[in-house]
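The values are calculated or read from the model by the stated rules, or taken from the named source; none is laboratory data. Predicted, not measured: the structure shown is a model, and the values here were computed from it. Because the Cβ atoms are built from the backbone with ideal geometry, glycine has one as well, and the counts that use them run over all protein chains shown.
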Ligand code: GLN
(Lines give C-alpha, C1' and ligand atoms only; values in the text may rest on other atoms or scores of the structure.)
Protein backbone atom coordinates (compact mmCIF):
# COMPACT_ATOMS: atom_id res chain seq x y z
CA UNK A 1 0.00 0.00 0.00
CA UNK A 2 1.54 3.35 -1.03
CA UNK A 3 0.86 6.64 0.68
CA UNK A 4 -1.97 8.52 -1.04
CA UNK A 5 -0.98 11.91 -2.51
CA UNK A 6 -3.29 13.77 -0.12
CA UNK A 7 -0.75 13.04 2.58
CA UNK A 8 1.79 15.52 1.27
CA UNK A 9 2.03 17.75 3.10
CA UNK A 10 0.82 15.68 5.97
CA UNK A 11 -2.14 17.34 7.69
CA UNK A 12 -4.58 16.04 10.29
CA UNK A 13 -7.44 16.49 7.91
CA UNK A 14 -5.63 14.57 5.16
CA UNK A 15 -4.59 11.80 7.52
CA UNK A 16 -8.13 11.39 8.91
CA UNK A 17 -9.64 11.29 5.43
CA UNK A 18 -7.16 8.63 4.30
CA UNK A 19 -7.55 6.60 7.50
CA UNK A 20 -11.34 6.80 7.65
CA UNK A 21 -11.77 5.85 4.00
CA UNK A 22 -9.45 2.86 4.37
CA UNK A 23 -6.87 4.21 1.92
CA UNK A 24 -4.23 3.70 4.57
CA UNK A 25 -3.84 2.00 7.92
CA UNK A 26 -2.59 3.71 11.05
CA UNK A 27 0.27 1.23 11.14
CA UNK A 28 1.44 2.08 7.63
CA UNK A 29 1.13 5.80 8.22
CA UNK A 30 3.14 5.49 11.43
CA UNK A 31 5.79 3.37 9.68
CA UNK A 32 6.08 5.86 6.82
CA UNK A 33 6.42 8.82 9.16
CA UNK A 34 9.04 7.06 11.26
CA UNK A 35 10.93 6.07 8.10
CA UNK A 36 10.92 9.66 6.91
CA UNK A 37 12.10 10.89 10.30
CA UNK A 38 14.94 8.36 10.41
CA UNK A 39 16.01 9.27 6.87
CA UNK A 40 15.61 13.03 6.95
CA UNK A 41 15.77 14.22 10.53
CA UNK A 42 19.55 13.77 10.84
CA UNK A 43 19.67 16.85 8.60
CA UNK A 44 17.08 18.78 10.66
CA UNK A 45 17.49 17.68 14.29
CA UNK A 46 13.87 18.18 15.33
CA UNK A 47 13.58 14.89 17.25
CA UNK A 48 15.55 14.03 20.36
CA UNK A 49 14.07 10.55 20.32
CA UNK A 50 11.41 8.57 18.48
CA UNK A 51 9.10 6.16 20.31
CA UNK A 52 8.97 3.56 17.50
CA UNK A 53 7.74 0.50 19.39
CA UNK A 54 5.22 2.36 21.46
CA UNK A 55 3.90 4.23 18.40
CA UNK A 56 3.59 1.13 16.24
CA UNK A 57 1.85 -0.81 19.02
CA UNK A 58 -0.68 1.99 19.41
CA UNK A 59 -1.21 2.28 15.67
CA UNK A 60 -1.94 -1.45 15.42
CA UNK A 61 -4.42 -1.17 18.29
CA UNK A 62 -6.23 1.62 16.42
CA UNK A 63 -6.36 -0.46 13.23
CA UNK A 64 -7.73 -3.36 15.24
CA UNK A 65 -10.37 -1.18 16.89
CA UNK A 66 -11.39 0.13 13.49
CA UNK A 67 -11.77 -3.42 12.17
CA UNK A 68 -13.96 -4.51 15.05
CA UNK A 69 -16.07 -1.36 14.92
CA UNK A 70 -15.00 -0.20 18.39
CA UNK A 71 -15.40 3.56 19.02
CA UNK A 72 -12.44 5.61 17.81
CA UNK A 73 -11.12 8.88 19.17
CA UNK A 74 -11.17 12.10 17.17
CA UNK A 75 -7.51 11.84 16.22
CA UNK A 76 -7.36 8.07 15.78
CA UNK A 77 -4.16 7.19 13.92
CA UNK A 78 -2.89 10.77 13.46
CA UNK A 79 0.91 11.07 13.87
CA UNK A 80 1.96 13.83 16.27
CA UNK A 81 4.95 14.63 18.50
CA UNK A 82 5.60 16.59 21.68
CA UNK A 83 8.11 19.10 23.00
CA UNK A 84 10.71 17.67 25.39
CA UNK A 85 9.14 19.49 28.37
CA UNK A 86 5.85 17.55 28.26
CA UNK A 87 5.70 14.36 30.27
CA UNK A 88 4.85 10.93 28.89
CA UNK A 89 5.06 8.34 31.65
CA UNK A 90 8.16 6.16 31.43
CA UNK A 91 9.82 8.24 28.70
CA UNK A 92 12.64 10.73 29.06
CA UNK A 93 11.64 14.38 29.39
CA UNK A 94 14.64 16.68 29.74
CA UNK A 95 13.29 20.13 28.78
CA UNK A 96 16.48 20.49 26.74
CA UNK A 97 18.49 20.53 30.00
CA UNK A 98 21.62 18.59 30.81
CA UNK A 99 20.63 18.51 34.48
CA UNK A 100 17.54 16.48 33.51
CA UNK A 101 19.39 14.11 31.19
CA UNK A 102 18.15 10.97 32.95
CA UNK A 103 14.76 12.30 34.01
CA UNK A 104 12.03 9.82 33.15
CA UNK A 105 8.46 10.99 33.53
CA UNK A 106 6.67 9.48 36.51
CA UNK A 107 3.28 10.46 35.11
CA UNK A 108 1.76 11.74 31.87
CA UNK A 109 0.88 15.38 31.19
CA UNK A 110 -2.86 15.99 30.85
CA UNK A 111 -2.47 17.30 27.29
CA UNK A 112 -0.49 14.23 26.27
CA UNK A 113 -2.93 11.86 27.98
CA UNK A 114 -5.80 13.56 26.17
CA UNK A 115 -4.02 13.26 22.83
CA UNK A 116 -3.44 9.55 23.39
CA UNK A 117 -7.00 9.02 24.56
CA UNK A 118 -8.16 10.59 21.30
CA UNK A 119 -6.06 8.06 19.39
CA UNK A 120 -3.22 10.34 18.28
CA UNK A 121 0.06 8.45 17.83
CA UNK A 122 2.96 10.15 19.62
CA UNK A 123 6.03 9.54 17.49
CA UNK A 124 8.61 11.12 19.75
CA UNK A 125 9.93 14.08 21.70
CA UNK A 126 11.24 17.26 20.15
CA UNK A 127 14.18 19.55 20.70
CA UNK A 128 13.93 22.89 22.51
CA UNK A 129 16.01 25.59 24.14
CA UNK A 130 17.29 24.63 27.57
CA UNK A 131 14.43 25.02 30.10
CA UNK A 132 12.50 26.76 27.26
CA UNK A 133 14.73 29.82 27.57
CA UNK A 134 15.69 31.14 24.18
CA UNK A 135 14.46 32.12 20.74
CA UNK A 136 16.63 29.97 18.47
CA UNK A 137 16.81 26.47 20.04
CA UNK A 138 20.60 26.97 20.14
CA UNK A 139 20.65 26.74 23.96
CA UNK A 140 19.47 23.10 23.87
CA UNK A 141 21.94 20.95 25.78
CA UNK A 142 21.57 18.26 23.11
CA UNK A 143 21.65 19.40 19.51
CA UNK A 144 20.94 22.12 17.00
CA UNK A 145 17.67 22.13 15.13
CA UNK A 146 17.77 23.41 11.57
CA UNK A 147 15.01 25.39 9.93
CA UNK A 148 13.50 23.12 7.24
CA UNK A 149 12.97 26.18 5.01
CA UNK A 150 16.72 26.94 5.03
CA UNK A 151 18.93 24.53 6.95
CA UNK A 152 21.64 27.16 7.49
CA UNK A 153 19.25 29.01 9.76
CA UNK A 154 17.72 28.63 13.20
CA UNK A 155 14.10 27.45 13.50
CA UNK A 156 13.24 29.98 16.23
CA UNK A 157 12.62 28.93 19.79
CA UNK A 158 12.14 27.74 22.31
CA UNK A 159 9.87 25.22 20.51
CA UNK A 160 12.25 24.89 17.54
CA UNK A 161 11.82 21.11 17.35
CA UNK A 162 7.99 21.18 17.29
CA UNK A 163 7.95 23.92 14.61
CA UNK A 164 10.57 22.19 12.45
CA UNK A 165 8.86 18.78 12.72
CA UNK A 166 5.68 20.21 11.18
CA UNK A 167 7.52 22.35 8.61
CA UNK A 168 9.54 19.31 7.50
CA UNK A 169 6.37 17.21 7.14
CA UNK A 170 7.42 14.61 9.72
CA UNK A 171 4.13 14.68 11.66
CA UNK A 172 0.74 16.34 11.20
CA UNK A 173 0.84 18.44 14.38
CA UNK A 174 2.97 19.00 17.45
CA UNK A 175 2.59 20.38 20.94
CA UNK A 176 4.89 23.15 22.09
CA UNK A 177 4.79 25.57 25.00
CA UNK A 178 4.64 29.35 24.95
CA UNK A 179 5.77 31.48 27.88
CA UNK A 180 6.89 34.57 25.96
CA UNK A 181 6.42 33.54 22.33
CA UNK A 182 7.86 30.06 22.07
CA UNK A 183 5.07 28.71 19.88
CA UNK A 184 4.32 31.76 17.76
CA UNK A 185 7.87 32.88 16.97
CA UNK A 186 9.14 29.48 15.72
CA UNK A 187 5.84 28.99 13.83
CA UNK A 188 6.52 32.33 12.15
CA UNK A 189 10.14 31.52 11.33
CA UNK A 190 9.33 28.02 10.04
CA UNK A 191 6.25 28.99 8.01
CA UNK A 192 3.57 27.05 9.90
CA UNK A 193 0.55 27.92 12.06
CA UNK A 194 1.15 28.24 15.82
CA UNK A 195 -1.36 28.99 18.58
CA UNK A 196 -0.86 30.17 22.14
CA UNK A 197 -4.23 29.74 23.84
CA UNK A 198 -5.69 31.95 26.56
CA UNK A 199 -3.96 31.37 29.89
CA UNK A 200 -6.11 28.76 31.62
CA UNK A 201 -7.61 27.24 28.50
CA UNK A 202 -5.20 24.30 28.50
CA UNK A 203 -3.91 22.36 31.50
CA UNK A 204 -0.26 22.83 32.43
CA UNK A 205 -0.19 19.64 34.49
CA UNK A 206 2.84 17.65 33.40
CA UNK A 207 4.52 20.53 31.62
CA UNK A 208 7.97 21.21 33.05
CA UNK A 209 7.40 24.75 34.33
CA UNK A 210 9.31 27.83 33.21
CA UNK A 211 7.22 30.77 34.49
CA UNK A 212 3.96 29.32 35.77
CA UNK A 213 1.84 32.46 35.43
CA UNK A 214 2.74 32.80 31.71
CA UNK A 215 3.24 29.17 30.61
CA UNK A 216 0.69 27.74 28.23
CA UNK A 217 0.76 24.65 26.02
CA UNK A 218 0.23 25.49 22.35
CA UNK A 219 -0.21 23.79 18.99
CA UNK A 220 1.68 23.73 15.69
CA UNK A 221 0.02 22.55 12.47
CA UNK A 222 -0.29 23.50 8.79
CA UNK A 223 -3.83 24.84 8.99
CA UNK A 224 -6.03 26.63 11.50
CA UNK A 225 -8.59 23.82 11.22
CA UNK A 226 -5.93 21.32 12.28
CA UNK A 227 -4.96 23.50 15.24
CA UNK A 228 -8.62 23.49 16.28
CA UNK A 229 -8.78 19.70 15.95
CA UNK A 230 -5.96 19.41 18.47
CA UNK A 231 -7.34 22.13 20.74
CA UNK A 232 -10.72 20.41 20.94
CA UNK A 233 -8.94 17.39 22.35
CA UNK A 234 -6.50 19.02 24.78
CA UNK A 235 -8.37 22.07 26.11
CA UNK A 236 -10.70 22.42 29.07
CA UNK A 237 -10.65 22.13 32.81
CA UNK A 238 -8.36 19.68 34.56
CA UNK A 239 -8.53 18.85 38.24
CA UNK A 240 -4.74 18.73 38.36
CA UNK A 241 -4.31 22.38 37.29
CA UNK A 242 -6.39 24.83 39.25
CA UNK A 243 -5.70 27.61 36.75
CA UNK A 244 -7.45 25.61 34.01
CA UNK A 245 -10.94 26.79 33.19
CA UNK A 246 -14.15 25.03 32.16
CA UNK A 247 -15.18 25.76 28.57
CA UNK A 248 -18.54 25.72 26.83
CA UNK A 249 -18.90 23.03 24.16
CA UNK A 250 -18.32 24.56 20.76
CA UNK A 251 -18.28 22.12 17.89
CA UNK A 252 -15.61 22.58 15.21
CA UNK A 253 -18.10 23.54 12.50
CA UNK A 254 -19.22 26.57 14.50
CA UNK A 255 -15.70 27.71 15.13
CA UNK A 256 -14.50 27.66 11.55
CA UNK A 257 -16.49 30.59 10.31
CA UNK A 258 -14.07 32.11 7.82
CA UNK A 259 -16.12 35.18 6.93
CA UNK A 260 -14.04 38.31 7.49
CA UNK A 261 -16.79 40.80 6.66
CA UNK A 262 -17.32 43.30 9.46
CA UNK A 263 -14.48 41.98 11.60
CA UNK A 264 -12.73 44.88 13.31
CA UNK A 265 -8.98 44.50 13.08
CA UNK A 266 -6.92 46.79 15.30
CA UNK A 267 -3.52 47.74 13.91
CA UNK A 268 -1.27 48.98 16.73
CA UNK A 269 1.34 51.49 15.60
CA UNK A 270 3.72 50.29 18.34
CA UNK A 271 4.18 46.88 16.65
CA UNK A 272 5.36 48.31 13.32
CA UNK A 273 8.77 49.67 14.22
CA UNK A 274 11.49 51.14 12.07
CA UNK A 275 14.01 48.71 13.46
CA UNK A 276 12.17 45.62 12.26
CA UNK A 277 12.89 43.75 9.03
CA UNK A 278 11.32 45.90 6.25
CA UNK A 279 10.36 42.84 4.20
CA UNK A 280 8.41 41.39 7.13
CA UNK A 281 6.66 44.71 7.68
CA UNK A 282 5.67 44.81 4.03
CA UNK A 283 4.38 41.21 4.09
CA UNK A 284 2.19 42.00 7.13
CA UNK A 285 0.92 45.23 5.58
CA UNK A 286 0.03 43.30 2.43
CA UNK A 287 -1.84 40.76 4.57
CA UNK A 288 -3.79 43.58 6.22
CA UNK A 289 -4.86 44.83 2.80
CA UNK A 290 -6.29 41.37 2.10
CA UNK A 291 -8.38 41.60 5.27
CA UNK A 292 -9.72 44.91 4.02
CA UNK A 293 -10.54 43.55 0.58
CA UNK A 294 -12.44 40.72 2.27
CA UNK A 295 -14.62 43.22 4.14
CA UNK A 296 -12.81 43.50 7.47
CA UNK A 297 -12.45 46.98 8.97
CA UNK A 298 -8.90 48.10 9.73
CA UNK A 299 -8.76 50.31 12.81
CA UNK A 300 -5.49 52.12 13.64
CA UNK A 301 -4.97 51.81 17.39
CA UNK A 302 -2.32 52.71 19.92
CA UNK A 303 -1.07 50.48 22.73
CA UNK A 304 1.39 52.85 24.40
CA UNK A 305 2.33 50.44 27.18
CA UNK A 306 3.79 47.97 24.65
CA UNK A 307 7.27 49.35 25.28
CA UNK A 308 7.07 48.15 28.89
CA UNK A 309 6.06 44.60 27.94
CA UNK A 310 9.55 43.20 27.38
CA UNK A 311 11.13 44.67 30.53
CA UNK A 312 8.11 43.43 32.51
CA UNK A 313 8.45 39.98 30.98
CA UNK A 314 12.18 39.81 31.71
CA UNK A 315 11.51 40.60 35.37
CA UNK A 316 8.55 38.33 36.11
CA UNK A 317 9.79 35.46 33.96
CA UNK A 318 13.27 35.04 35.53
CA UNK A 319 11.74 35.59 39.00
CA UNK A 320 9.30 32.71 38.51
CA UNK A 321 11.90 30.62 36.68
CA UNK A 322 14.45 30.94 39.48
CA UNK A 323 11.84 29.73 41.93
CA UNK A 324 10.65 26.86 39.67
CA UNK A 325 14.22 25.73 39.00
CA UNK A 326 15.04 25.59 42.71
CA UNK A 327 13.98 21.95 42.77
CA UNK A 328 16.74 20.94 40.33
CA UNK A 329 19.29 20.52 43.05
CA UNK A 330 20.57 17.10 42.07
CA UNK A 331 18.67 15.48 44.93
CA UNK A 332 14.98 15.99 44.33
CA UNK A 333 15.41 16.44 40.57
CA UNK A 334 18.42 16.39 38.35
CA UNK A 335 21.69 14.56 38.22
CA UNK A 336 23.25 14.04 41.64
CA UNK A 337 26.76 15.38 42.16
CA UNK A 338 29.21 14.00 44.75
CA UNK A 339 30.25 15.82 47.92
CA UNK A 340 28.67 17.24 51.07
CA UNK A 341 25.17 18.71 50.69
CA UNK A 342 26.12 22.29 49.84
CA UNK A 343 28.99 21.17 47.58
CA UNK A 344 26.70 18.70 45.87
CA UNK A 345 24.08 21.39 45.16
CA UNK A 346 26.73 23.71 43.81
CA UNK A 347 28.37 21.14 41.55
CA UNK A 348 25.07 19.74 40.26
CA UNK A 349 23.94 23.21 39.20
CA UNK A 350 27.32 24.42 37.95
CA UNK A 351 27.67 21.43 35.63
CA UNK A 352 23.99 20.87 34.96
CA UNK A 353 22.83 24.28 33.79
CA UNK A 354 23.95 26.20 30.71
CA UNK A 355 24.83 29.89 30.60
CA UNK A 356 21.42 31.27 29.74
CA UNK A 357 19.69 29.35 32.52
CA UNK A 358 22.33 30.43 35.06
CA UNK A 359 21.91 34.03 33.94
CA UNK A 360 18.16 33.88 34.53
CA UNK A 361 18.44 32.13 37.89
CA UNK A 362 20.82 34.86 39.09
CA UNK A 363 18.62 37.58 37.64
CA UNK A 364 15.50 36.06 39.18
CA UNK A 365 17.08 35.55 42.58
CA UNK A 366 18.28 39.16 42.55
CA UNK A 367 14.84 40.46 41.60
CA UNK A 368 13.20 38.51 44.42
CA UNK A 369 15.79 39.40 47.04
CA UNK A 370 15.00 41.66 49.98
CA UNK A 371 15.29 45.29 49.00
CA UNK A 372 14.76 44.65 45.29
CA UNK A 373 11.48 42.78 45.45
CA UNK A 374 9.44 45.99 45.70
CA UNK A 375 11.59 47.92 43.26
CA UNK A 376 11.44 45.30 40.51
CA UNK A 377 9.04 42.44 41.06
CA UNK A 378 6.14 44.34 42.61
CA UNK A 379 6.53 47.14 40.12
CA UNK A 380 6.51 44.65 37.24
CA UNK A 381 3.28 43.12 38.58
CA UNK A 382 1.71 46.59 38.66
CA UNK A 383 2.78 47.22 35.06
CA UNK A 384 1.42 43.79 34.12
CA UNK A 385 -2.00 44.77 35.47
CA UNK A 386 -1.93 47.98 33.42
CA UNK A 387 -0.86 46.15 30.25
CA UNK A 388 -3.68 43.69 30.68
CA UNK A 389 -6.16 46.52 31.13
CA UNK A 390 -4.83 48.25 28.02
CA UNK A 391 -5.66 45.12 25.98
CA UNK A 392 -9.09 44.76 27.58
CA UNK A 393 -9.85 48.38 26.71
CA UNK A 394 -8.64 47.90 23.13
CA UNK A 395 -10.93 44.89 22.73
CA UNK A 396 -13.90 47.11 23.50
CA UNK A 397 -13.43 48.65 20.06
CA UNK A 398 -11.74 45.91 18.00
CA UNK A 399 -12.19 42.12 17.69
CA UNK A 400 -8.60 41.33 16.78
CA UNK A 401 -5.20 43.00 17.09
CA UNK A 402 -2.98 42.28 14.10
CA UNK A 403 0.80 42.71 13.94
CA UNK A 404 3.95 40.95 12.82
CA UNK A 405 4.82 37.94 15.01
CA UNK A 406 8.56 38.53 14.92
CA UNK A 407 10.69 41.58 14.14
CA UNK A 408 13.00 39.39 12.03
CA UNK A 409 12.99 36.34 9.79
CA UNK A 410 15.07 33.25 10.65
CA UNK A 411 18.71 34.18 11.20
CA UNK A 412 21.87 32.14 10.68
CA UNK A 413 23.30 29.97 13.46
CA UNK A 414 25.43 31.97 15.84
CA UNK A 415 24.39 35.30 14.35
CA UNK A 416 22.82 36.55 17.59
CA UNK A 417 25.20 36.13 20.55
CA UNK A 418 24.16 39.02 22.74
CA UNK A 419 21.39 38.01 25.21
CA UNK A 420 19.61 41.39 25.01
CA UNK A 421 19.38 41.16 21.22
CA UNK A 422 18.00 37.64 21.62
CA UNK A 423 15.44 38.87 24.17
CA UNK A 424 14.32 41.59 21.75
CA UNK A 425 13.00 38.92 19.40
CA UNK A 426 10.14 38.40 21.91
CA UNK A 427 9.04 42.03 21.66
CA UNK A 428 5.85 41.31 19.74
CA UNK A 429 4.90 38.05 21.42
CA UNK A 430 5.54 38.64 25.15
CA UNK A 431 2.60 41.09 25.58
CA UNK A 432 0.03 38.30 25.01
CA UNK A 433 1.62 36.19 27.76
CA UNK A 434 1.70 39.12 30.14
CA UNK A 435 -1.99 39.81 29.50
CA UNK A 436 -2.95 36.11 29.33
CA UNK A 437 -4.74 36.59 26.01
CA UNK A 438 -4.73 34.12 23.08
CA UNK A 439 -2.61 34.74 19.99
CA UNK A 440 -1.90 32.89 16.78
CA UNK A 441 0.78 33.18 14.12
CA UNK A 442 -0.08 32.32 10.52
CA UNK A 443 2.19 32.38 7.47
CA UNK A 444 1.79 35.59 5.44
CA UNK A 445 4.43 35.53 2.74
CA UNK A 446 8.19 35.81 2.50
CA UNK A 447 10.96 38.28 3.19
CA UNK A 448 14.43 37.52 1.84
CA UNK A 449 12.91 34.22 0.69
CA UNK A 450 12.09 33.26 4.29
CA UNK A 451 8.70 32.85 6.01
CA UNK A 452 7.00 35.77 7.72
CA UNK A 453 4.31 35.35 10.37
CA UNK A 454 1.21 37.45 10.93
CA UNK A 455 0.22 37.56 14.60
CA UNK A 456 -3.42 37.89 15.56
CA UNK A 457 -4.36 38.52 19.20
CA UNK A 458 -7.86 38.34 20.71
CA UNK A 459 -9.55 38.93 24.04
CA UNK A 460 -9.49 36.33 26.84
CA UNK A 461 -11.19 33.11 25.72
CA UNK A 462 -12.10 34.63 22.33
CA UNK A 463 -10.32 31.83 20.46
CA UNK A 464 -13.34 31.48 18.16
CA UNK A 465 -12.71 35.02 16.86
CA UNK A 466 -9.03 34.26 16.49
CA UNK A 467 -9.79 31.13 14.46
CA UNK A 468 -12.21 33.03 12.27
CA UNK A 469 -9.68 35.77 11.51
CA UNK A 470 -6.79 33.36 10.97
CA UNK A 471 -8.63 30.80 8.86
CA UNK A 472 -10.42 33.59 6.96
CA UNK A 473 -7.12 35.25 6.17
CA UNK A 474 -5.45 32.04 4.95
CA UNK A 475 -8.46 31.42 2.74
CA UNK A 476 -8.45 34.85 1.08
CA UNK A 477 -4.67 34.69 0.77
CA UNK A 478 -5.04 31.38 -1.12
CA UNK A 479 -2.58 29.74 1.28
CA UNK A 480 -1.56 26.16 0.63
CA UNK A 481 0.76 24.43 3.08
CA UNK A 482 4.18 23.35 1.89
CA UNK A 483 6.98 21.45 3.56
CA UNK A 484 10.76 21.83 3.55
CA UNK A 485 12.20 24.35 1.11
CA UNK A 486 9.93 23.42 -1.78
N1 LIG B 1 12.21 33.63 24.09
C2 LIG B 1 11.50 33.74 25.32
C3 LIG B 1 12.41 33.49 26.48
O4 LIG B 1 13.52 33.12 26.28
C5 LIG B 1 10.29 32.86 25.29
C6 LIG B 1 10.42 31.56 25.94
C7 LIG B 1 9.19 30.73 25.91
O8 LIG B 1 8.14 31.17 25.47
N9 LIG B 1 9.32 29.54 26.43
O10 LIG B 1 12.02 33.66 27.61
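Screening residue 355 with (1) within 16 Å of the ligand (Cβ to nearest atom); (2) crowded, with 16+ Cβ neighbours inside 10 Å gives one miss only, at (2). Restricting the first member to the stretch 172-186 and to residues that are over 12 Å from residue 132 (Cα atoms) and modelled with pLDDT of 95 or more, and the second to residues that are within 7 Å of the ligand (Cβ to nearest atom) and part of a strand (DSSP E or B), the beta-carbon pairs closer than 9 Å and six or more apart or on different chains are 184/178; 185/178.
Any residue in the stretch 396-412 that is more than 16 Å from the ligand (Cβ to nearest atom), part of a helix (DSSP H, G or I), surrounded by 21 or more Cβ atoms within 10 Å (Cβ to Cβ) and within 24 Å of the chain's Cα centre (by Cα)? Checked the stretch 396-412: no residue is more than 16 Å from the ligand (Cβ to nearest atom), part of a helix (DSSP H, G or I), surrounded by 21 or more Cβ atoms within 10 Å (Cβ to Cβ) and within 24 Å of the chain's Cα centre (by Cα). Scan the stretch 142-193 for residues that are closer than 18 Å to residue 403 by Cβ, in a strand (DSSP E or B) and within 16 Å of the ligand (Cβ to nearest atom) and the total you get is 1. Filtered by the rule that a residue be within 8 Å of the ligand (Cβ to nearest atom), at positive phi and part of a loop (DSSP other than H, G, I, E, B), the stretch 122-137 gives a lone residue, 134. The set of residues from the stretch 59-76 being outside any loop (DSSP other than H, G, I, E, B) and buried (at least 22 other Cβ atoms within 10 Å of the Cβ) comprises 59, 62. Could you go through the stretch 465-478 and let me know if any residue there is away from the ligand (no atom under 16 Å from the Cβ), without any contact (Cβ under 8 Å) to a residue 40 or more places away in the chain and over 18 Å from residue 306 (Cβ atoms). The answer is yes, given that some residue of the stretch 465-478 is away from the ligand (no atom under 16 Å from the Cβ), without any contact (Cβ under 8 Å) to a residue 40 or more places away in the chain and over 18 Å from residue 306 (Cβ atoms). Residue 483 meets all of the listed conditions (1) assigned to a loop (DSSP other than H, G, I, E, B); (2) touching a helix residue (DSSP H, G or I) at 6+ places or on another chain (Cβ under 9 Å); (3) within 16 Å of the ligand (Cβ to nearest atom); (4) farther than 20 Å from residue 289 by Cβ but one, namely (3).
Consider residue 214 carefully, then state whether it is on the phi < 0 side of the Ramachandran plot, within 16 Å of the ligand (Cβ to nearest atom) and assigned to a loop (DSSP other than H, G, I, E, B). Answer is yes for this residue. Select from the stretch 86-121 the residues that are within 16 Å of the ligand (Cβ to nearest atom) and assigned to a helix (DSSP H, G or I) and write down the one among them that is farthest from the chain's Cα centre (by Cα). Only one residue tops the list, namely 100. Residue 220: part of a strand (DSSP E or B), in contact (Cβ under 8 Å) with a residue 24 or more places away in the chain and either over 30 Å from residue 99 (Cα atoms) or within 16 Å of the ligand (Cβ to nearest atom) (or both), yes or no? Spelling it out, residue 220 is indeed part of a strand (DSSP E or B), in contact (Cβ under 8 Å) with a residue 24 or more places away in the chain and either over 30 Å from residue 99 (Cα atoms) or within 16 Å of the ligand (Cβ to nearest atom) (or both). Listed by position, the helices (runs of 4 or more DSSP H) contained in the stretch 243-355 that have at least 1 residues being free of Cβ contacts under 8 Å to residues at least 60 places away in the same chain, farther than 25 Å from residue 435 by Cα and within 24 Å of the chain's Cα centre (by Cα) are 252-255.
Give the stretch 14-30 a look and list any residue that's surrounded by 15 or more Cβ atoms within 10 Å (Cβ to Cβ) and over 11 Å from residue 121 (Cβ atoms), or say none. Residues satisfying the conditions are 14, 16, 17, 18, 23, 24, 25, 28. Going by what's in this entry, would residue 367 be described as within 16 Å of the ligand (Cβ to nearest atom) and within 16 Å of residue 181 (Cβ to Cβ)? Here the answer is no, as residue 367 does not meet what is asked. Of the residues making up the stretch 79-92, those that are out of contact with any strand residue (DSSP E or B) (no Cβ under 7 Å at 6 or more places or on another chain) and buried (at least 19 other Cβ atoms within 10 Å of the Cβ) number 1. Would you check if there is a residue in the stretch 370-383 being in contact with a helix residue (DSSP H, G or I) (Cβ under 7 Å, 6 or more places away or on another chain), outside any helix (DSSP H, G or I) and modelled with pLDDT of 90 or more? Yes - at least one qualifying residue is present in the stretch 370-383.
Can you name the number of the only condition in (1) closer than 11 Å to residue 184 by Cα; (2) in contact with a helix residue (DSSP H, G or I) (Cβ under 7 Å, 6 or more places away or on another chain); (3) more than 14 Å from the ligand (Cβ to nearest atom) that residue 444 fails? Checking residue 444 against (1) closer than 11 Å to residue 184 by Cα; (2) in contact with a helix residue (DSSP H, G or I) (Cβ under 7 Å, 6 or more places away or on another chain); (3) more than 14 Å from the ligand (Cβ to nearest atom), the one that fails is (1).
A quick yes/no check of all residues on (1) touching a strand residue (DSSP E or B) at 6+ places or on another chain (Cβ under 8 Å); (2) under 26 Å from residue 399 (Cβ atoms):
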site	(1), (2)
194	yes, yes
197	yes, yes
204	yes, no
212	no, no
223	yes, yes
228	no, yes
232	no, yes
238	no, no
242	no, no
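Among the residues making up the stretch 417-438, those that are surrounded by fewer than 19 Cβ atoms within 10 Å (Cβ to Cβ) and assigned to a loop (DSSP other than H, G, I, E, B) are 417, 418.
Among the conditions (1) over 18 Å from residue 204 (Cα atoms); (2) surrounded by fewer than 24 Cβ atoms within 10 Å (Cβ to Cβ), the only one that residue 106 does not satisfy is (1).
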